[in-house]
Amino acid sequence: MIHIMKYLVSLGLGLFMLSIMKAQQISTLEVTYKYVNTGSNISSEAKLYTSSQASLFIFEKKANHNEEVDVNEEGEIKVTIGGPDEQGKKIYKNFADQKLIFRDFLYIDGKTKVVIVEEKLPALNWNLKEQTKEIGKYNCSLAEVTFRGRTYEVWYTTEIPIQNGPWKFQGLPGLILEVKSRDNNIYFLLENLKMSSGGMIIDAPKDGEPITFDNYVEIKEKTIDNFIARLYSKLPRGTKITSNPTENHSLEKDFSENER
Amino acid sequence: MNAKRFFIKVIGLLLVLISCHVKVVGQNTINGRIVDSSKTGLPAANIILKKTTNRAVLAFTFSDKDGFFSIEIKDTSYTYLEFSSIGYKTNIVKISSVDKFLNGGILVIVMEPQSFDIEEITVTSKRPVTIKKDTIIFDAAFYSTGDEQVVQDLLTKIPGINVNEEGTISIAGKEVEKVMVEGDDFFERGYKILTKNMPSAPIDKVELLQNYSNNPLLKGIEASDRVALNLILKKEARRIWFGNVNIGYDLISANRYGIIGNLMNFGKINKYYFLTNLNNIGQDATGDIAHLIRPFRYDEPASIGDDQQVNNLLMLSGRNPELKKDRTNFNNAELLSLNAIFNPTDKLKVKTLGFFNWDEQNFFRNSTQIFTANETNFTNTEGYRFRNASITGFGKIDMTYNISQNKMLEATTKYNKGDNYDFSDLLFNSISTIENLQTNYERFDQKITFSNKFKKNKALLLTGRIINEIAPQNYTINRFFYQDLFPQHNVEADNAQQLSKNQMQFAGLDGHFFHRKQNGSLLEFQLGNQTRKDNLLTSFLIKNGDAIASDNITGFRNNTKYLTNKSYIKSKYRLAINNFAIISKLDIHQLFNYLEFEEVAQNQWRFFINPTIGIDWQVDKNNQITGSYSYNITNASIQDVFSNFVLTGFRSFEKGTGQFNQLDASTFFINHRLGNWSDKFFANTTILYSKNHDFFSTNNLITPNYSLLEKIVIKDREFLNISSDLNGYIKRISSNLKLDLNYSKSNFKNIVNNSALRAITSTSYRYGLELRSGLRGNFNFHIGTKWTTSEIKTTGINNTFTDNLTFLDLFFAYNNKIDMQLQTERYYFGNLDKDNNIYYFLDFNIRYTAKPNKLIFSMAGKNLFNTSTFRNFSINDLGTSTTEYRLLPRFVLLKLEFRF
């Protein structure tokens, strides 16, 4: 009897859990942000599809994000690496497994490669501030964090208790509605927030060559450094090299150990 | 690091274990569990501490996988605990009501299910960046941090706008064309005067204009890859005067100085700009405003008549050595410039510009010329002390009237007047000689352009221009070297004079049609008529003291009237198919020439076609080939057609052909590029071949005291140039090795002292090697050497020489405040005698930025080895010449630059 009771309870519990999970799957939020990367002249949309367990963030693929390597005789350099396909850059977060899988483009030996990289969900050391403001109709609180070479001011609302946000940001007790980097380069600004009409499957991106995170970091750091030195050494006579040559406008610019 | 981290982890783990098992924790910690109605733990729920229910979050934590949590209450002002999770109703608990759990125990929070649903919201707020088709608008408020002083500081804060230490602004590697204020601009490429001085406070928005067109109606129609910035002022911005002063004073001899002052005032409607430059350090003061006088408009629509000007027959200053001009220019310049822009109505813009320049230049040169042509051998020596005083006045008014959205009328009126006094004290073969030359010139220039963008992708430009220029010259020389030429005046002649008046009138009308096709191809069609009328009057006077011995010598006076009228139809089409483009150009000309001298008039009609065909082929990512072929017929100008001799130097007379000429030429050009600038290996090779089917050569009669040079038309001149530069990046030393190779050869013919036509071959080889570091630290170097071998071959002459230039530049940047540059050069002349064939130069510049864009101290040293003379060696088909120039002595300028 006891066994049957236990069985029934666990079955009921299981069914209940299933129904919750189902409910949660339906409760997918679709958040549209304006993504601004001032330095790379990007002002485009980016979308976050999130439930409380997993999320998929997609940068809008734009025709003008093509790879662009340009330099002039004064030594100003710009590298914008876009993608060779229509899928664009994606970030998948899984909160249960505490992992993050992203799809990105790397510039290796003159070619753009699509890669799939897995890393641990970054542990962000949030610094809570007392400032509040309203975004849309939501009361938001301010938090600051330094992540991969930039310090960000982040506004989130506890009125939507999803611990998620755009790009790799997460881990606050509410949905992140606005992000601004202190160097003015990066912005994620809320444009629209609604319940997802469904149809979006939140799953890890697969279309690309899987490489390790360490490998990814190594390639990224090397390409930029080599690139800059190569360009500088080609300048004509009398051109002055400035102490702070070229700004790196990419989202992640510092992978040094304590920033990871 | 790792050990420390491990230690912290262990401690953390221990603390967790202790808190779990003992369940006796610090007084201010609340332990609890969040469960649903069935008492199952809820994972990853939010536990938030707040002061009031809607104020900022003070601390938070998440429940673990079984719903347990632990939160520390650090401050008594923490009053509320908020529990939330998706799919549940948020629970708010006053800490005072649960304070018994502060001492231990488990606070159990039961969450009530609530379907998660939110209303859709759309936020529209100010954006830091707004991107419209070709315009990117940055909202200054987003980027300003309040500590900016000048425009440059603000621009520096906008990522993507790159401002280097010199203040050069570039976007995506391309320097900006100009920085406008409310669409108005004074400075063009000289925008640093503005960006380094204008306060940033009144700036509301910064607009980045891509594919910029100087004519706004051609935007999106003409091909352009230019970028420009436009600053929009705040509505309530207050007008203020601002500017800067740059003062330099020589520490060594204390008699050199340089002062530059800028003063300006920019409002939404009117703008003013004043500039002054006083210096005696060899700087050309008008260089600061050259872009204001003649805006850089290369190959732009509506630019007819830009090449129309009077060329003076006589110039005393002579050639400059291949050195920076400020090494030999002993000057004393004073310049004052006043400029304004008015916008009296929305549709009308008036821009005025005026300047006065006084300059006094001294130049010293000694030369030895050895003539060895056609069995005439002699040596001339010249010792020149040259002085020039000039006064120049310039005024310009630009008016732009926007008739409607798609129609615009622009008018530019320019007037300039100048007086030039040249004086030379010459020692010619030990004979002391004085020359005086007075040149007065006056020029009036009026241009009107009407632009009509009558369809979205079609535009028509109508341009009319009138130019009137007159430049009389009066030349005197206190010796008479031409006895052999004028034997009948041998007795009485002891000095000479030449009076000339050179006048030019130009009128042109041009219609230019643009059609940007759907597929992106651009069709251009141009129809016009241009007339140029020249009148050249010269008379050579043989004098005895003040008395004129003869002023009417046959063959040495001119009264030439030359009129050319050409009607033309030009078309241009660029057809692009994938990575291959064909550019075809067809210019059809109907020419009418009229020439009159010595009461005899003649005229000529000629019809001709100038075709060009070009390709632009992007073979693959690493290879690009561009090439073109053109056949070009050019009409002779006044300098080619006048019929009698004029004096063009103290011992040279020159004359034109006295008849109409059109010269035919074919040109081939091909360029191959391998790799990109940024690649490890990058090479660029160009081959240029041109053949002049006819060309102007000379029939020379050369004697020690004078030369007669007569233009003649000869067939077939060839020119070939092959140049290549190869760049290889050496990773190990972060440096680029560059190899520069150049070969050129030309064949032509001329006549010297009644010789037959002599074939002359001139060849030159250049090979250079450079190594430049691209280190990101505070030191960099650039070292290079370049050898040039020149060779001239003709009957009886075979001259060869090899020169070398080696340089080493060092750059130090200690920090953001101090930087230093050191430049050294070594010149070697293969054909000079051993004691005089090597010259060294050392210059330096140290800058200390006390306050960025506010106060800068710098020290500039020039010619530190105090090299007093510089000798050049050159060869041509008539012989060789050695020229020695006197150089500005060593000076060290202490400079102070401040903004007010």
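The values are calculated or read from the model by the stated rules, or taken from the named source; none is laboratory data. Fair warning: this is a prediction, and the values are worked out from it, not measured in the lab. Reconstructed Cβ throughout: ideal geometry from the backbone, glycine too, with neighbour counts over all protein chains shown. Side chains included, ligands, DNA and RNA excluded: accessible areas come from the protein's heavy atoms. Shrake-Rupley method; radii C 1.70, N 1.55, O 1.52, S 1.80 Å.
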- Query: Dividing the convex hull volume of the alpha carbon atoms of the stretch B:315-391 by its residue count, what do you get in Å³ per residue?
  - Reply: 168 Å³
- Task: Sort the stretch B:576-676 into rounded, prolate or oblate with this rule: let a ≥ b ≥ c be the square roots of the eigenvalues of the Cα gyration tensor; rounded if a/c is under 1.5, and if a/c is not under 1.5, prolate when a/b is larger than b/c, oblate otherwise.
- Result: oblate
- To two decimal places, what compactness ratio does the stretch B:512-605 give when its Cα radius of gyration is scaled by 2.2 N^0.38 Å? 1.95
- Query: Nearest 0.05, what FRET efficiency do residue B:324 and residue B:438 give at R0 = 41 Å with Cβ-Cβ as r?
  - Reply: 0.90
- Any chance you could run the full-extension gain for residue B:342 through residue B:789? It's 0.36 nm times the residue separation minus the Cα-Cα distance, nm to one decimal. 155.3 nm
- Note every residue of the stretch B:724-746 with a reduction of at least 30 square angstrom in accessible area, all protein chains present versus the isolated chain, computed with a 1.4 Å probe, or write none. B:729, B:731, B:736
- Task: Would you kindly state how much longer the chain becomes between residue B:609 and residue B:245 on full extension, computed as 0.36 nm times their sequence separation minus their alpha carbon distance, in nm to one decimal?
- Result: 125.6 nm
- Message: Could you tell me the extents of the stretch B:437-552's C-alpha atoms along the three principal axes, largest first, rounded to whole Å?
- Response: 79, 25, 19
- Heavy atoms of residue A:142: accessible area, 1.4 Å probe, square angstrom to 10: 10 Å²
- Message: I'd like the trypsin sites (Lys or Arg not before Pro) in the stretch B:126-232 restricted to DSSP loop residues with at most 13 other Cβ atoms within 10 Å, sorted by number.
- Response: B:126, B:133
- Query: How large is the accessible surface per residue of the protein assembly as shown, computed with a 1.4 Å probe and reported in Å² as a whole number?
  - Reply: 47 Å²
- Query: If you keep only loop residues by DSSP, which GluC sites (Glu not before Pro) in the stretch B:166-204 have at most 14 other Cβ atoms within 10 Å of their Cβ?
  - Reply: B:166
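Run lengths n ≥ 4 of DSSP H only: what is the helix-derived mean residue ellipticity at 222 nm for chain B, with -39500 (n - 2.57) per run over all residues, to the nearest 500?
When only DSSP H runs of four or more count, the value is -1500 deg cm²/dmol.
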- Query: Under a 5 Å amide H to amide H cut-off, with H placed in plane at 1.01 Å, what residues pair with residue B:749 once short-range neighbours are removed?
  - Reply: B:760
- Query: Residues of B:810-819, mean number of Cβ from any other protein chain within 10 Å of their own Cβ, rounded to a whole number?
  - Reply: 2
- For residue B:147 and residue B:898, what is the calculated FRET efficiency with R₀ set at 22 Å and r taken between the beta-carbons, to the nearest 0.05? 0.75
- Query: the stretch A:166-209: which residues show an accessible-area loss of 20 Å² or more, assembly versus chain alone, 1.4 Å probe?
  - Reply: A:171, A:173, A:184, A:187, A:189, A:190, A:191, A:192, A:193, A:194, A:195
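Equivalent ellipsoid semi-axes for the stretch B:652-754, as square roots of 5 times the alpha carbon gyration tensor eigenvalues: give them largest first, rounded to whole Å.
Numbers: eigenvalues 383, 62, 17 Å².
Semi-axes from the Cα gyration tensor: 44, 18, 9 Å.
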- Message: Do any residues of the stretch B:33-54 show a loss of at least 50 square angstrom of accessible area between the isolated chain and the full protein assembly, using a 1.4 Å probe, and if so which?
- Response: B:46
- Based on a Kirkwood Rh over C-alpha pairs, give the Stokes-Einstein translational diffusion coefficient of the stretch B:753-900 at 10 °C and viscosity 1.306 mPa s in µm²/s. 85 µm²/s
- Would you work out what percent of the accessible area of chain B, with all protein chains in place, is carbon or sulfur (probe 1.4 Å)? 55 percent
- Item | Tensor-based shape of the stretch B:161-211 (alpha-carbon gyration tensor, a/c under 1.5 rounded, otherwise prolate or oblate) | rounded
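From the P(r) of chain B, could you give the percentage of C-alpha pairs in the tail past 50 Å?
Cα-Cα pairs of chain B separated by over 50 Å account for 38 percent.
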- Measure up B:192/B:351; B:572/B:745; B:738/B:793; B:157/B:851 against 25 Å on the Cα-Cα distance and list the ones that go over. B:572/B:745; B:738/B:793
- Chains B and A: buried accessible surface, both sides, probe 1.4 Å, rounded to 100 Å²? 7000 Å²
- Note on the structure: Expressed as a percent, the portion of alpha-carbon pairs in the stretch B:407-472 spaced more than 15 Å apart is 69 percent
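Just to make sure I understand: if all protein chains stay in place, what is the order of A:167, B:605 by accessible area at 1.4 Å, largest first?
In descending accessible area the options line up as B:605, A:167.
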- Query: Antiparallel as a % of all DSSP beta bridges within the protein assembly as shown, to the nearest 5?
  - Reply: 95 percent
- Of the GluC sites (Glu not before Pro) in the stretch B:521-616, those whose Cβ has at most 16 other Cβ within 10 Å and which sit in DSSP loop: B:598, B:599
- Note on the structure: Under the rule rounded for a/c under 1.5, else prolate if a/b exceeds b/c, else oblate, using alpha carbon gyration tensor axes a ≥ b ≥ c, the protein assembly as shown is classed as prolate
- Item | In the stretch B:445-528, lysine pairs with alpha-carbon atoms under 26 angstrom apart (chain gap of 8 or more, or interchain) | 7
- Would you mind checking the pairs A:133/B:65; A:194/B:65; B:39/B:65; B:325/B:786 and listing those with alpha carbons more than 22 angstrom apart? A:133/B:65; A:194/B:65
- Message: Is there a quick way to get the dipole size of chain B? I mean about its Cα centre, with the Cβ of Lys and Arg at +1 and of Asp and Glu at -1; what is the value in debye to the nearest 20?
- Response: 3020 debye
- Based on the Kirkwood radius over alpha-carbon pairs, what is the Stokes-Einstein translational diffusion coefficient of the stretch A:124-208 at 10 °C with 1.306 mPa s viscosity, in µm²/s? 114 µm²/s
